[in-house]
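Some notes on the structure that comes next.
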Amino acid sequence: MDTTSPRISGSPSLYDPAVALDFFQFAGKPQTIAKGTIIFSENRKSMPLLLMPNRIYLLLQGEVGVVVKGEPIATIRAGEIFGEMASMGQMPRSASAVAKRDCRVIGLDDAQFRAALGRTPGFALMLMSIMIGRLRDTIASAPAPADAGWREAAALEPQLLADLAQMVGPAARFRYEAGRIIMREGHLGVALFAVLEGRVAIRIGDSVVEKVGTGGIFGEMSLVDRTPRLATAVAETDCALLAMSRHMFLHLVKRSPKFGTALLKAVGERAAFIASRRAERSSAEAQPAPGNLRSAGALST
């Protein structure tokens, strides 16, 4: 779902509306949106060259309805953020946002968001916490079929990966043989991992949802919200991994805008992909089976 609502997830959120307001005001300006206005549309892609970037929004006043395929699914209230998944993950919008009343919002495009994050790197941790809460809710709402497909994880820039490896040192490097389980769904997380060599498959239940190659990261979600792992990671090939403790992870997020941006992109892409898988399943289930269509036709004659 292309919205963030701290009220939805059952786990404690790091979200602070006052901090969010300061963050958005640094780089953006409030604007008034009339009741009934479509703020963004489902399936819309960012087109920066046409001056139509995806934006992330903070609602200052009013209410915004979140709509999927014409059906309202959530309401955003003052002090909440919405539109973050498409903005962070560079994905098409998974929902539409419509002003239910006259509203005041601040919207940030990618350049404005990066400028604000450069001033307040720790905001990345706050935004990740509510994106992860949204992702957990999505997974809990409807499991995807095992054949729903998987995505290739984005990779860190080579220099950023090299800097991380140098920072944590050789003692944090581990090797895993193909087929070995690296982390298990439901277990508490103590580290996140960056792939130095090889390839890792990420599973939710029996479904492979992602494959992580050199430069990819995984395992960060459990470190943010201190809840059990969402997925199992298995070495698909022999791998060399860089492990990072929660203490080091938090230190880097709060001090490195580049690292925070990379993690937000990873979380945003994962959340948007999982949401799209669930949406495709829901759409398929809503279609009548061929036999049912024939029966309906027979009844109407």
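Every number here is computed from the coordinates shown, using simple stated rules; none is lab data. Quick caveat, the model's predicted, so the values are computed rather than measured. Here the Cβ is made from the backbone with ideal geometry for all residues, glycine too, and neighbour counts use every protein chain on show.
Would you kindly state how much longer the chain becomes between His187 and Ala111 on full extension, computed as 0.36 nm times their sequence separation minus their alpha carbon distance, in nm to one decimal?
23.6 nm
Starting from the exponent 0.38 and prefactor 2.2 Å, build the expected Rg for the range 151-257 from its residue count and divide its actual Cα Rg by it.
1.00
Only Cα pairs under 8 Å and at least 6 apart count here; give the relative contact order of the range 17-141 as a rounded whole percent.
Relative contact order, the range 17-141: 35 percent.
Rounding to the nearest 20 debye, state how big the charge dipole of the range 17-141 is about its Cα centre with +1 on each Lys and Arg Cβ and -1 on each Asp and Glu Cβ.
The dipole of the range 17-141 has a size of about 140 debye.
Show which lysines lie in cross-link reach of Lys254 when reach means a straight Cα distance below 26 angstrom and same-chain residues fewer than eight apart are skipped.
Answer for Lys254, where 26 Å is the Cα cut-off: Lys29, Lys265, listed by chain and number.
Run the numbers for Thr120 and Lys35: contour at 0.36 nm per residue of separation, minus the present Cα-Cα distance, in nm.
27.4 nm
Given a Förster distance of 22 angstrom, what is the FRET efficiency for Thr237 paired with Ala165, based on the Cβ-Cβ distance and rounded to 0.05?
That gives a FRET efficiency of 0.70.
According to a simple spin-label model (label point 7 Å from Cα along Cα-to-Cβ), what is the distance in nm between Leu250 and Thr214?
If labels sit at Thr214 and Leu250, their model points lie 3.4 nm apart.
May I ask for log10 I(q)/I(0) of the range 65-121 at q = 0.18, 0.20, 0.25 Å⁻¹, from a Debye sum over the Cα atoms as equal point scatterers with solvent left out?
Values, matching the q order: -0.74, -0.87, -1.15.
If Lys and Arg each add +1 and Asp and Glu each add -1, what is the summed charge of the other residues whose beta carbon sits under 12 Å from the beta carbon of Gly198?
Within the 12 Å Cβ shell, the charges total 0.
For the range 132-246, calculate the relative contact order in percent as a whole number, restricting contacts to Cα pairs under 8 Å that are 6 or more residues apart.
37
Quick one: length gained pulling Arg104 to Ala18 fully straight, 0.36 nm per residue minus the C-alpha distance?
Result: 29.4 nm gained on full extension.
Would the range 17-141 count as rounded, prolate or oblate if I go by the C-alpha gyration tensor, calling it rounded below 1.5 in a/c and otherwise prolate when a/b exceeds b/c, oblate otherwise?
In terms of gyration-tensor shape, rounded.
As an exercise, identify the GluC sites (Glu not before Pro) in the range 149-223 lying in DSSP coil whose Cβ has no more than 13 other Cβ atoms within 10 Å.
Counting only loop positions with at most 13 other Cβ atoms within 10 Å, the GluC sites (Glu not before Pro) in the range 149-223 are Glu177.
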